[in-house]
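Asks: Can you read through this structure? Questions will come right after.
The values are calculated or read from the model by the stated rules, or taken from the named source; none is laboratory data. Here the structure is a predicted model, which means the values were calculated and not measured. Note that we place each Cβ from the backbone using ideal geometry, even for glycine, and neighbour counts take in every protein chain shown.
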Amino acid sequence: MSALSWHKCVQAGLQFASFLQQSGFEPGLRVFTRAELRDIYDHSFRNNSDEKRRPKFSSMIYCLKGSGKVEAKGGNITFKKSGARPARRPSTASSARGGGHSGGVGNLVAPSEFIPLDADRNTRRATLMKLLRTHKAWMLEDKHGISITAEPPFVRGNVKQQLLVTETKSVTITIRNQGTTCVQLRRCDRLRKMAGFSLTSDIDFQPNKPLFLPAGGEPCCMHATFCTETRGNHMLLLVFEFLFEGEEVPFHVARSITMETRSELSNALQPTKPYEPIKKRPPIYRNRFTVDGVKPDIDDQSDLKLVLKLESYPINKDLDLFFCNSKGEVSRSPPMAQEVKKWLEAPLTFLNYKKKFHHLLHLDELQMRSDIRVYDLEDQIMEPDLNNRKLLKLRVPGVAESRPSVLRGDKLVVSESARRSADDCVDFTGFVHGVHLEDISLGFSSSFLKLFVKNMKFDVIFTINRTPLKLQHRAVDQAVANPTFEHVLFPTGSYDMTIQDPSSQLVLYNRILSENPEQYRAVQNIVSGISRPAPYLIFGPPGTGKTVTLVESIRQVVKCIPGAHVLACAPSNSAADLICQLLIPEIGKNNIYRLNAYSRDWNSIPSAVKECSNWDSEQKRFCYPKKEDLMTYKVMVTTLITAGRLVSASFHEGHFSHIFVDEAGQAVEPECLVAVAGLLRPPSQVNQDGGQLVLAGDPKQLGPIIRSPLAIKHHLNRSLIERLMMENPLYQKSGGSFNHSFVTKLLNNYRSHPAILELPNALFYEGELQVCADELKRNNFCQWEHLPTKGFPVIFHSVIGQDTREENSPSFFNVAEVEEVVSYLTKILESSGKKGIAKVSPKDIGIIAPYRKQVQKIRKAITEVDKELKKLKDIRELKVGSVEEFQGQERTVIIISTVRSDMSFLSFDEKFGLGFLRNPKRFNVALTRAKALLVVIGNPITLSKDPNWESFINYCRSRGGFMGVDIREEDEDLDEMDGGVDAGASNGIKGGDVNVEAEWRREL
């Protein structure tokens, strides 16, 4: 039971005084002995009171005394008459007993809670924890003449020291009584029990044998010694309990000691410069004369003629003024804003489909326009491109990682820096001809090239590529213009028209699928066309063979249906390449065509796919053949956006009998429609030859990247496959199972060890997934010497690190976690091929981190800093990337660095949806990439604030997979003390300037 507040204790005391008056004791006229008054209080007042809770006698008297209601001398107590001036509460920061404090916080309002002398351990501990959360600075303040100092000195109550792993350091704590009254030092509570610390005192003391500190007398010294092999921050949190002679309620002073262990590696990864947030640039409202540059020869030599014009779909000016913040609020909105709000909040139907998606796409575009401005540059120097003197090169750090996103054909706007304030300053548009690691090649007008001189400085404005957005707008228009599409987007059932008998036995190319009932059924139902006009969904949880099932379905369609033509798409080039690679052996290179966007890097294409791609080896560029030539191929493979090129070429509806979309959960609904609307001819009751749409994906994994909080609020981030499974009864379970005529959920997991799969299976897939991975491969690390528990190849390694940022990058990194990643990587590679562990190379290992800066620091550590790892010839084959980059991939070993270790940032992550926490889909993807060994490194306190991560940590703890610093639940509420009272100050981080970068589109 928690302690009563000061106010309630005083109220109880006044009621007791009234009781004494009514009982004839006349409290204002007589002196009571303490024993006499306690007996009356306990036996006549407290036990017979109607109130369920009364304070203990000692607590009540203490509060009455502090409020000036009673006087206590020796063993006697006298009630004062009303109107007496109250005494100063002894819990204030500067007491009448003695001044002086070293904390430097200043006079503070004391909390109402206090801890009675006879409080039990749990009550004392709970109250101390509450005080540290709610009145942290007050707890750290020296009180009543007591001064607690240290060598090295405390800074706002904390000593922080850095030391090498296995090094030993000590801190001496000195306690002095600088007041006017003798004080007892009764106890020193260690509220956080972290290994590595030892605490000794020159003189022993305990509650039944306190240490008396006379006023102005000799100080008491304590020594905190620390040594550990564990990386990260380690904190000793101490609360000293003092008592004045004759008093019954003690007072407390808290101090903390933080030890940060470092190594040569960590020293090499520290911030290069202090973090300085980029100032958000205001919108551009200027009317300058603009000179267009030279575009790359993208369409001039294309044989695939553009027949259907792509409109511009400009943003309505009223919508541009529509004010919305991250919560989606509308402030002093004009009628137009209220109209937009009405459209956004209305449930999606076929009638409002067009209007709603146009608004959502425009809102996301407005956010993109704003976000891209953080990359604008000033006073930049360009140089001639040595490979093409008509082009100029501009250095753009981060362009290789799409920060900013720049593709061939995009445009930038530059102007002379020296004339930025001049009324006649001219803007010059430069078109991107090439994107390199650190720079881009730009094509400008001849007038600009004449103006250009060496070392001339320019201001640079980045812009977004609107082509993908315009294609999505057009797709929405085309879908709504075709009434039969309502039965595709909002299906109510099938027309019971099949292309072939659903029960027909198929001879599959991939014989393994024949043994899997779910995969075989999916292929069978897709070939029969039983769901039409409704899309057929392949719900493929991690490692269940979703893409393999989709590819086998394409093979069977081509084989079994004469005249079939298939369009196979995916949101990304890598996913489209995989489809193509898997199809080539059976379909043949002559029957399949991989259509790439002109902006793609030829070197990124797998060698097997290059042979059936649209690359012109003579011109060294991508080309687009005639429509008639393209229509001869049985299968075409493109990204969703590039498929818009076929619509623009006016491929007639119905040419493609089947359209397959893999990784459909990663595309916004309008993006998915780019490859469908204008190409698919849905069947009708009078036309049974309509086409079939097949969507394969997993709504439980990461969805599309959306930047606008308001667009996210109104579900633009929800893919078509997710919307159908969440809202349409055809795709929902009935009686415990799905309707196999419309959807198949794949159940056999061919990837992971049971221990890796168990928790995600329970959290996201109703425990239905079955372990079918090769037993030898999945058990590869079950006897690894570094496993805390043999047979359980899952590790959570607790590291109390520190969020850090540098220069003007808003992205976080955590050096202590980088060290632990390197340590595990070294152990894994050293174990390769030894002691029953199969040979593992760097390409078999994946390292996942949620922040770009952490990815960079890990890459630097393993390829440049670590003396042994950087010597390995194939170390660069080890992939380090974000969760998004690993979706759809797998590795024998996955190491995850969670990075976050500072509670002050969690509200930001939750608010903007950018953090590794609070995103169940990101959690699911991260944990399901590993085949044989999963290692997660992070701060258990920070992570436990999310229910999924808390489940994972508890799972590891219960199964013996927990390693590192173990901080139990009772300590978690004290985490804000970690790293000292000044948590986050070393980075200069404030809650308001956090701006973590979201992903940008990397390809078309």
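Asks: Considering only residues that are acidic (D, E) and modelled with pLDDT of 90 or more, look in region 867-888 and name the one that is farthest from V815 (Cα to Cα).
Replies: Among them, the one singled out is D874.
Asks: When you scan region 817-834, do you find a residue that is in contact with a Phe, Trp or Tyr (Cβ under 7 Å, 6 or more places away or on another chain) and not charged (D, E, K, R), even just one?
Replies: If we filter region 817-834 for residues that are in contact with a Phe, Trp or Tyr (Cβ under 7 Å, 6 or more places away or on another chain), which is where we start, we get 831.
Subset that is not charged (D, E, K, R): 831.
Looking for residues that are in contact with a Phe, Trp or Tyr (Cβ under 7 Å, 6 or more places away or on another chain) and not charged (D, E, K, R), one finds at least one in region 817-834, hence yes.
Asks: Is it the case that some residue within region 418-426 is part of a strand (DSSP E or B) and charged (D, E, K, R)?
Replies: no
Asks: Quick one: G100 ticks every box in (1) of a type outside the set (A, V, I, L, M, F, W, C); (2) at negative phi; (3) at pLDDT below 85; (4) not in a helix (DSSP H, G or I) bar one, so which box is it?
Replies: (2)
Asks: Additional query: Go through region 407-425 and give me each residue that's of a type outside the set (D, E) and surrounded by 16 or more Cβ atoms within 10 Å (Cβ to Cβ). Outline the logic, then answer.
Replies: Initially, region 407-425 is screened for residues of a type outside the set (D, E), giving 407-409, 411-415, 417-422, 425.
Once the filter is applied, which keeps residues that are of a type outside the set (D, E) and surrounded by 16 or more Cβ atoms within 10 Å (Cβ to Cβ), region 407-425 yields L407, R408, G409, K411, L412, V413, V414, S415, S417, C425.
Asks: Right, another one. Scan region 701-708 and tell me whether some residue there is in the same structural domain as G493 (by TED's automatic domain parsing), at pLDDT 95 or above and among the small types (G, A, S).
Replies: Within region 701-708 (the criterion being in the same structural domain as G493 (by TED's automatic domain parsing), at pLDDT 95 or above and among the small types (G, A, S)), the answer is no, since none of the residues qualifies.
Asks: Among the candidates A137, A150, A126, single out the residue that is among the hydrophobic types (A, V, I, L, M, F, W, C), closer than 26 Å to S263 by Cβ and either in contact with a strand residue (DSSP E or B) (Cβ under 6 Å, 6 or more places away or on another chain) or outside any strand (DSSP E or B) (or both). Step through it out loud before you land on a result.
Replies: Numbers: A137 fails: closer than 26 Å to S263 by Cβ; A126 fails: closer than 26 Å to S263 by Cβ.
Sole residue among the options that is among the hydrophobic types (A, V, I, L, M, F, W, C), closer than 26 Å to S263 by Cβ and either in contact with a strand residue (DSSP E or B) (Cβ under 6 Å, 6 or more places away or on another chain) or outside any strand (DSSP E or B) (or both): A150.
Asks: Can you tell me which residue is nearest to K839 (Cα to Cα) among those in region 774-814 that are assigned to a strand (DSSP E or B) and aromatic (F, W, Y)? Steps first, please.
Replies: So the first thing to find is which residues in region 774-814 are assigned to a strand (DSSP E or B), and the list is 794-798, 804, 813.
Then drop every residue that is not aromatic (F, W, Y), which leaves 796, 813.
Values: F796: 24, F813: 31 Å.
Here the answer is F796.
Asks: Here are some conditions: (1) at positive phi; (2) at pLDDT 95 or above. D496 meets all but one. Which one does it not meet?
Replies: Only one criterion in (1) at positive phi; (2) at pLDDT 95 or above is unmet by D496, namely (2).
Asks: Another question about this same structure. Going by the conditions given, is T127 within 14 Å of V239 (Cα to Cα), of a type in the set (S, T, N, Q) and touching a residue at least 60 places away in the same chain (Cβ under 8 Å)? Please lay out each step first, then the result.
Replies: Working: within 14 Å of V239 (Cα to Cα): yes; of a type in the set (S, T, N, Q): yes; touching a residue at least 60 places away in the same chain (Cβ under 8 Å): yes.
Yes; evaluated as a whole, the condition is true for this residue.
Asks: Next question. Condition first: free of Cβ contacts under 8 Å to residues at least 60 places away in the same chain, in a loop (DSSP other than H, G, I, E, B) and not small (G, A, S). Can you find one or more residues in region 690-711 that meet it?
Replies: No, every residue in region 690-711 fails to be free of Cβ contacts under 8 Å to residues at least 60 places away in the same chain, in a loop (DSSP other than H, G, I, E, B) and not small (G, A, S).
Asks: Also, I was wondering about something else. Give the residue that is surrounded by the fewest Cβ atoms within 10 Å (Cβ to Cβ), with candidates limited to residues of region 270-301 that are acidic (D, E) and modelled with pLDDT of 80 or more. Steps first, answer last, please.
Replies: Filtering region 270-301 for residues acidic (D, E) gives 276, 292, 297, 299-300.
Then keep just the ones that are modelled with pLDDT of 80 or more; that gives 276, 292.
Details: E276: 13, D292: 15.
So the residue we want is E276.
Asks: When only residues in region 830-854 that are β-branched (V, I, T) and surrounded by 22 or more Cβ atoms within 10 Å (Cβ to Cβ) count, which is farthest from R805 (Cα to Cα)?
Replies: Ranking the qualifying residues of region 830-854, first place goes to I845.
Asks: Identify all residues within region 548-566 that are under 40 Å from the mean Cα position of the chain (by Cα) and either modelled with pLDDT under 95 or outside any helix (DSSP H, G or I) (or both); write none if there are none.
Replies: First, the residues of region 548-566 that are under 40 Å from the mean Cα position of the chain (by Cα): 548-555, 566.
Across region 548-566, the qualifying residue is only V566.
Asks: In region 689-743, what count of residues is obtained for those that are over 24 Å from L927 (Cβ atoms) and in contact with a strand residue (DSSP E or B) (Cβ under 7 Å, 6 or more places away or on another chain)?
Replies: Adding up the residues that qualify gives 12.
Asks: Taking the criterion of being buried (at least 24 other Cβ atoms within 10 Å of the Cβ) and under 36 Å from the mean Cα position of the chain (by Cα), would at least one residue in region 490-499 satisfy it? Spell out how you get there, then give the answer.
Replies: Applying the first criterion (buried (at least 24 other Cβ atoms within 10 Å of the Cβ)) to region 490-499 yields none.
No, the conditions are met nowhere in region 490-499.
A quick yes/no check of all residues on (1) within 25 Å of E885 (Cα to Cα); (2) outside any helix (DSSP H, G or I); (3) in contact with a strand residue (DSSP E or B) (Cβ under 6 Å, 6 or more places away or on another chain):
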residue: I579; (1), (2), (3): yes, no, yes
residue: L583; (1), (2), (3): yes, no, yes
residue: N590; (1), (2), (3): no, no, no
residue: N596; (1), (2), (3): yes, yes, yes
residue: N603; (1), (2), (3): yes, no, no
residue: V609; (1), (2), (3): yes, no, yes
residue: T632; (1), (2), (3): no, yes, no
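Asks: Being at pLDDT below 80, at positive phi, out of contact with any Pro (no Cβ under 7 Å at 6 or more places or on another chain) and not polar (S, T, N, Q): is that true of G145 here? Full working, then the answer.
Replies: Values: at pLDDT below 80: no; at positive phi: yes; out of contact with any Pro (no Cβ under 7 Å at 6 or more places or on another chain): yes; not polar (S, T, N, Q): yes.
So G145 does not fit the description; no.
Asks: Another question about this same structure. Residue check: is L716 out of contact with any His (no Cβ under 9 Å at 6 or more places or on another chain) and part of a helix (DSSP H, G or I)? Before the answer, list the steps.
Replies: Numbers: out of contact with any His (no Cβ under 9 Å at 6 or more places or on another chain): yes; part of a helix (DSSP H, G or I): no.
No; evaluated as a whole, the condition is false for this residue.
Asks: Separate question: Quick one: how many residues across region 914-956 are without any contact (Cβ under 8 Å) to a residue 24 or more places away in the chain and more than 16 Å from the chain's Cα centre (by Cα)?
Replies: Within region 914-956, residues that are without any contact (Cβ under 8 Å) to a residue 24 or more places away in the chain and more than 16 Å from the chain's Cα centre (by Cα) number 1.
Asks: Only one of (1) touching a Cys at 6+ places or on another chain (Cβ under 8 Å); (2) within 25 Å of I875 (Cα to Cα); (3) among the basic types (K, R) fails for K827. Which number is that?
Replies: (1)
Asks: I'm trying to understand the selection: among the residues of region 889-942, which are in a helix (DSSP H, G or I) and modelled with pLDDT under 90? Please lay out each step first, then the result.
Replies: Initially, region 889-942 is screened for residues in a helix (DSSP H, G or I), giving 903-912, 920-927, 940-942.
Result: M903, S904, F905, L906, S907, F908, D909, E910, K911, F912, I941, T942.
Asks: Let me ask another. Can you find a residue in region 638-660 that is under 15 Å from V551 (Cβ atoms), of a type outside the set (V, I, T) and part of a loop (DSSP other than H, G, I, E, B)? Walk me through it before giving the result.
Replies: Just the residues of region 638-660 that are under 15 Å from V551 (Cβ atoms), to begin with: 658-660.
Next, from what is left, pick out any that are of a type outside the set (V, I, T): 658, 660.
Then drop every residue that is not part of a loop (DSSP other than H, G, I, E, B), which leaves none.
No, that holds for no residue.
Asks: T429 versus (1) among the β-branched types (V, I, T); (2) touching a helix residue (DSSP H, G or I) at 6+ places or on another chain (Cβ under 8 Å); (3) more than 17 Å from D601 (Cα to Cα): which is the lone unmet condition?
Replies: For T429, the exception is condition (2).
Asks: Please work out if C569 is of a type outside the set (D, E), buried (at least 22 other Cβ atoms within 10 Å of the Cβ) and either in the same structural domain as A696 (by TED's automatic domain parsing) or at pLDDT 95 or above (or both). Break it down stepwise before answering.
Replies: On the way: of a type outside the set (D, E): yes; buried (at least 22 other Cβ atoms within 10 Å of the Cβ): yes; either in the same structural domain as A696 (by TED's automatic domain parsing) or at pLDDT 95 or above (or both): yes.
Taking the combined requirement at face value, the residue satisfies it.
Asks: Inside region 451-501, can you point out the residues that are of a type in the set (S, T, N, Q) and in a helix (DSSP H, G or I)?
Replies: Let us first name the residues in region 451-501 that are of a type in the set (S, T, N, Q), namely 455, 463, 465, 467, 472, 478, 482, 484, 492, 494, 498, 500.
T467, Q472, Q478, T484, listed by residue number.
Asks: Here is a follow-up. So which residues in region 502-545 are assigned to a helix (DSSP H, G or I), farther than 26 Å from K921 by Cα and not basic (K, R)? Please lay out each step first, then the result.
Replies: Step one: filter region 502-545 for residues assigned to a helix (DSSP H, G or I), giving 511-514, 517-528.
Cutting the leftovers down to farther than 26 Å from K921 by Cα gives us 511-514, 517, 520-521, 523-528.
Correct list: I512, L513, S514, P517, Y520, V523, Q524, N525, I526, V527, S528.
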